[in-house]
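The values are calculated or read from the model by the stated rules, or taken from the named source; none is laboratory data. None of these values were measured; they are calculated from a predicted model. Cβ atoms come from the backbone with ideal geometry, glycine included; neighbour counts cover every protein chain shown. Heads up: the accessible areas ignore ligands, DNA and RNA and are worked out on the full protein's heavy atoms, side chains in. Shrake-Rupley method; radii C 1.70, N 1.55, O 1.52, S 1.80 Å.
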Amino acid sequence: MSPLEALLILAQASDAADPYLKGHGIRTARYAVPLGYTAGLSAGDLSDLCLASLLHDIGRLTLPKAILEKDGPLSDEEYALMQSHPRAGAELLAPIPALHRPALWIAHHHERWDGFGYPYGLRGELIPLGARILAVADTFDALTSPQPYRPALAGELATRLLRELAGSQLDPCLVDTFLGLRLGVADEAEELDLAGEKKN
């Protein structure tokens with residue numbers, strides 16, 4: 001078994017251990033890769049983006065189980081530990097040469113466009129493009145999936161909230177591009193009947 005295969009198994013185990021993360025990596029990849037393609041990433045970059053999406057929460061394996069399973073708000077100390085997971089994930093992946101770029105993007109996927117993210121407080125285009133794409137996909141899936149503190153949000157509400165995060169948490173141009181892709185899919189779906197044929 002290769003190191004990459006072992007890490008992918010670990011990522012799946014991490015998802016399986018947390019019902020709120022089940023399938024999160026795969027869904028994030030399904031959102032991130034089309035956005036990356038539209039943003040002009042090369043084939044190699046898209047492959048790395050897919051890996052980064054699948055593995056972006058692997059650093060959570062280093063966190064105490066009590067923090068991951070806590071229903072209430074985190075203390076300042078617990079929140080600081082939670083903020084360490086992007087860096088921890090990158091450190092797990094960095095020794096594997098083929099994962100250097102995914103590790104970089106994972107390290108920065110919780111940075112914010114306005115500079116108030118973590119772990120390094122980068123802002124704007126100083127945040128690597130792959131990390132900014134990953135952040136949009138990760139955020140959309142978090143909004144549309146059930147969380148310990150709320151149910152999954154409907155598509156229209158999630159879309160509105162994503163727009164509100166553009167320019168503060170997320171790259172506004174990438175949010176516009178992503179929503180254009182998502183709305184295009186929705187518009188096309190409305191034109192199809194259940195047999196997959198165009199309605200008259």
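Would you say residue 43 is among the small types (Gly, Ala, Ser), out of contact with any helix residue (DSSP H, G or I) (no Cβ under 8 Å at 6 or more places or on another chain), open to solvent by 50 Å² or more (accessible area, probe 1.4 Å) and modelled with pLDDT of 95 or more? Spelling it out, residue 43 is indeed among the small types (Gly, Ala, Ser), out of contact with any helix residue (DSSP H, G or I) (no Cβ under 8 Å at 6 or more places or on another chain), open to solvent by 50 Å² or more (accessible area, probe 1.4 Å) and modelled with pLDDT of 95 or more. Of everything in segment 18-29 that is in contact with a helix residue (DSSP H, G or I) (Cβ under 8 Å, 6 or more places away or on another chain) and open to solvent by 50 Å² or more (accessible area, probe 1.4 Å), the residue that is modelled with the lowest pLDDT is 22. Assigned to a loop (DSSP other than H, G, I, E, B) and more than 25 Å from residue 22 (Cβ to Cβ) - does that describe any residue in segment 53-70? No, segment 53-70 contains no residue that is assigned to a loop (DSSP other than H, G, I, E, B) and more than 25 Å from residue 22 (Cβ to Cβ). If the condition is being modelled with pLDDT under 90 and either part of a loop (DSSP other than H, G, I, E, B) or of a type in the set (A, V, I, L, M, F, W, C) (or both), then segment 72-92 contributes 72, 73, 74, 75, 80, 81, 82, 83, 92. Just one of the listed residues (69, 125, 111) is acidic (Asp, Glu) and modelled with pLDDT under 95, and it is 69.
Could you list all residues from segment 89-122 that are over 17 Å from residue 135 (Cα atoms) and open to solvent by less than 60 Å² (accessible area, probe 1.4 Å)? Across segment 89-122, the qualifying residues are 93, 94, 96, 99. For segment 146-194, the tally of residues that are open to solvent by less than 80 Å² (accessible area, probe 1.4 Å) and modelled with pLDDT under 50 stands at 4.
Once segment 123-145 is narrowed to residues that are surrounded by fewer than 20 Cβ atoms within 10 Å (Cβ to Cβ) and of a type in the set (Gly, Ala, Ser), the residue that is farthest from residue 50 (Cα to Cα) is 124. Does residue 153 satisfy the condition of being in contact with a helix residue (DSSP H, G or I) (Cβ under 8 Å, 6 or more places away or on another chain), free of Cβ contacts under 8 Å to residues at least 24 places away in the same chain, in a loop (DSSP other than H, G, I, E, B) and not β-branched (Val, Ile, Thr)? Taking the combined requirement at face value, the residue satisfies it. Residues of segment 19-62 that are acidic (Asp, Glu) and under 10 Å from the mean Cα position of the chain (by Cα): 57 alone.
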